[in-house]
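Working notes, beginning with the structure itself.
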Amino acid sequence: MLRDISLEVAEGEYVSLVGPSGSGKTTLLSLIGGLDHPQSGQILVGGHDLRTLSGDGLAAFRRETVGFVFQHFGLLEALTARENVELALTLAGVSSARQRHHRASGLLHRVGLGDRLEHRPTELSGGERQRVAIARAIANSPRVILADEPTGDLDDNTAADVGDLLEQLREEEGCTLVVVTHHRRLAARAERSLTLEAGDLIETRGGER
Amino acid sequence: MSWRDALTLAGREIRRRPGRAALTVLAVALASALLCALLTIAGTARTRVLSQLSHGGSLAGISVEPNAPNPSEATLDDPVPGPPNPLTPAAIAQIGRLKDVLTVLPIVAAPVELLPPAAPPAGSTLCPSSSSGSGTGSCGGGLDPPATEVMTPLLTTSAIGADLGRVNALPITLLAGRLPIAGSADEVAVDEQYLSSLGLSASRAPEVVGTRVVLATSVGTAGPASATRFQTAEIVGVLDQEMTSGDIVAWPTLIETLYSSETPAGESADPPIQGAVVIAKQLSEVSPVRAAIAGIGYSTAAPVGLIISVGRYLHVVELVLSGIGIVALAIAALGIANALFAAVRERRREIGVLKAIGARDRDVLRVFLIEAGLLGVLGGLVGTVIGIAMAAAIAANANAYLHSQGLGGVALSVPWPLPFGGVVGACAVALVAGALPARRAAHLPAREAVDA
């Protein structure tokens, strides 16, 4: 699906990736995030050569280096908002329950959900769920946040709020943000916008191809 | 992810789908219940059958007769004894010192006449049962006041004295009431022969419990030098006993009381040892112990050959019942596997997300295995309780029937490993059943997180 792609993203940069459905945007994001393996080529993220990683190594890369935000939010319905954020900390090896609780609560306050800590995903609106997912994505202070259609299931106003939040957190955390989106307004907020079309990656704004 | 975190997550996932979890637990519970009930019933039946074969006493119990052994029948379970050879305290002590003998319980006996359940009137005396019906005259001297009235015995029999504190070792089955309290000289248990003498069937055994009876025995040389002793006792139980011939069972204290005083001629007497029950250390030691006792000069009986044969048949029955239970467990295992496969199908994306945020394959495996284990433990707990309750209900029904037939009931025998094994077994079956779905979940690609 993806052939002869070359992409370099600077640390702390905000890049949007647009393109028609089926063009390979999500595949590219999966490759960058270590969810998928390339058949050939090289992927370097934060100093990690993903070709050399597998199994536990890839799992460690995913929990320490990247934070994912999904269109479908990806929250575990059996857990509360706080527990969903805590789960990322648990997987990262934070053994102190008190520490996890404190950090998760702080993050949810930060994304404006201080009064929804003990609500389950089914009791939250779409925008609130995505905020929980964003809090979870930054829980382990990743170097890269990868967002796959983060506003795809949200109305325009809520989408704008989520866009604001992602941008704000990127600035505060100093991490790289790569957003796959169909949402023109969200794409327009990025420092650099790339279009994936017929297997080609075209720089449509900022930087160079 | 620690085991504790995985346990929390697995518990939440189970609670998230209570209906499915309840059905899965129910399937395991029913299978466990069936297996537990079958094994409990089989165990109880085995105990009952073998107990009956050994006349209620220890399976390793050997009955020693006051007779010489009959060489031609020495290896039979119940040989015809040889000529009389009185059992003496010295012989009892010698048997007790034999290798592989756990204990020896001597049984004393006294010939008694049973008088109707009322205190003997002052000045009454006793006529031998052979002279019953004569209605007149005095039949003997004695320590009691001069005879003024002749009483007709109800039954001529033997009163047996044994250490009833070792009832489990004795060939005794209680049909109604209880056994006399330790050391009592005024409490007795009677057998069915006594009921027959009153014209009662076995099913009416409880009616005689609480009534009183008078035991009379003659001590000393027959004739004017003998003495007749009376002892009033309360009947506290009805039983079936195979210790020795006799219809009254009591503590040796009562027999000794009957023999305690001297006769007018100045004689004193010890109650004769009517037999002994010897308990071997193990069932397999019964034959060597019998041979050793024969070497001392006494005939023995023990249903060991019959017990071993019947035990083999009962083992086959247990295997069949276990097989039925195992088939039920296998069906429950399929239920668990099916439920977990469905959970894996439904939670593909969730598993992908778990991996995307850093879960390792073994973290996912752990969560699913714990889910399976929890379902198994819950099912095992519920099933074991239900199974034992089912067995108890069946035993109660069986007892009601047996008692209505005048037979001894069955005591529910729950082997101690069963409750523990029921829970652990169900958990193990669940883990085995859950292994494949858990493995499938663990190997799902992280890419599932972003696939539609």
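Here are the numbers for the structure shown:
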{"read-out": "Max mean-square fluctuation residue, GNM over chain A, Cα-Cα springs under 10 Å, options A:Arg98, A:Arg116, A:Arg51", "value": "A:Arg98"}
{"read-out": "Alpha-carbon Rg/Rh ratio, for the protein assembly as shown, with Rh computed the Kirkwood way", "value": "1.34"}
{"read-out": "Accessible area of the range B:378-452 divided out per residue, in Å², using a probe of 1.4 angstrom", "value": "51"}
{"read-out": "Residues in the range B:1-50 that, when all protein chains are in place, have 20 Å² or more less accessible area than the chain alone would give (probe 1.4 Å)", "value": "B:Met1, B:Asp5, B:Leu9, B:Arg12, B:Arg16"}
{"read-out": "Exposure of B:Lys355 as accessible area (Å², to 10), given a probe of 1.4 Å and all protein chains", "value": "10"}
{"read-out": "Cα Rg, Dmax (largest Cα-Cα span) when computed across the range B:363-452, Å", "value": "21.3, 75"}
{"read-out": "Neighbour-limited loop hits for GluC sites (Glu not before Pro), the range A:99-207 (at most 11 other Cβ within 10 Å; DSSP other than H, G, I, E, B)", "value": "A:Glu118"}
{"read-out": "Residue-level accessible surface for B:Val80, protein heavy atoms, 1.4 Å, Å²", "value": "80"}
{"read-out": "Kirkwood hydrodynamic radius over Cα pairs of the range A:59-209, then Stokes diffusion coefficient at 4 °C and 1.567 mPa s, in µm²/s", "value": "82"}
{"read-out": "In the B-A interface, the accessible area buried, summed over both sides, Å² (probe 1.4 Å)", "value": "2200"}
{"read-out": "Positions from the range B:342-367 whose accessible area shrinks by 10 Å² or more when the full protein complex is built, not the chain alone, probe 1.4 Å", "value": "B:Arg349, B:Glu350, B:Val353, B:Leu354, B:Lys355, B:Ala356, B:Ile357, B:Gly358, B:Ala359, B:Arg360, B:Arg362"}
{"read-out": "Of B:Gln193, B:Ala162, B:Thr211, farthest towards positive along the dipole that unit charges on Lys, Arg, Asp, Glu beta carbons give the range B:155-246", "value": "B:Thr211"}
{"read-out": "B:Val316, B:Val423, B:Val432, A:Val132, ranked by accessible area, largest first (probe 1.4 Å)", "value": "B:Val432, B:Val316, B:Val423, A:Val132"}
{"read-out": "Over the protein assembly as shown: helical MRE at 222 nm, DSSP H runs n ≥ 4 each giving -39500 (n - 2.57), nearest 500", "value": "-14000 deg cm²/dmol"}
{"read-out": "For the range A:51-162, accessible area per residue (1.4 Å probe, heavy atoms of protein chains only), Å²", "value": "38"}
{"read-out": "With every protein chain in place, chain A: carbon and sulfur % of accessible area (1.4 Å)", "value": "43"}
{"read-out": "Protein accessible area in the range B:336-452, 1.4 Å probe - carbon and sulfur %", "value": "68"}
{"read-out": "Normalised contact order of chain A, rounded percent, pairs of Cα under 8 Å and 6 or more residues apart", "value": "34"}
{"read-out": "Gain in span if fully extended, B:Val432 to B:Phe341, counting 0.36 nm per residue against the direct Cα distance", "value": "31.4 nm"}
{"read-out": "For residues of A:70-79, the mean tally of beta carbons on other chains within 10 Å", "value": "6"}
{"read-out": "1.4 Å probe, heavy atoms, protein only - residues of the range B:426-452 losing at least 10 Å² accessible area vs chain alone", "value": "B:Ala446, B:Arg447, B:Ala449, B:Val450"}
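The values are calculated or read from the model by the stated rules, or taken from the named source; none is laboratory data. Computed from a predicted model, the values in this text were never measured in an experiment. Positions of Cβ are backbone-derived with ideal geometry, glycine not excepted, and every protein chain shown enters the neighbour counts. What goes into the accessible areas is simple: the full protein's heavy atoms, side chains included, and nothing from ligands, DNA or RNA. Shrake-Rupley method; radii C 1.70, N 1.55, O 1.52, S 1.80 Å.
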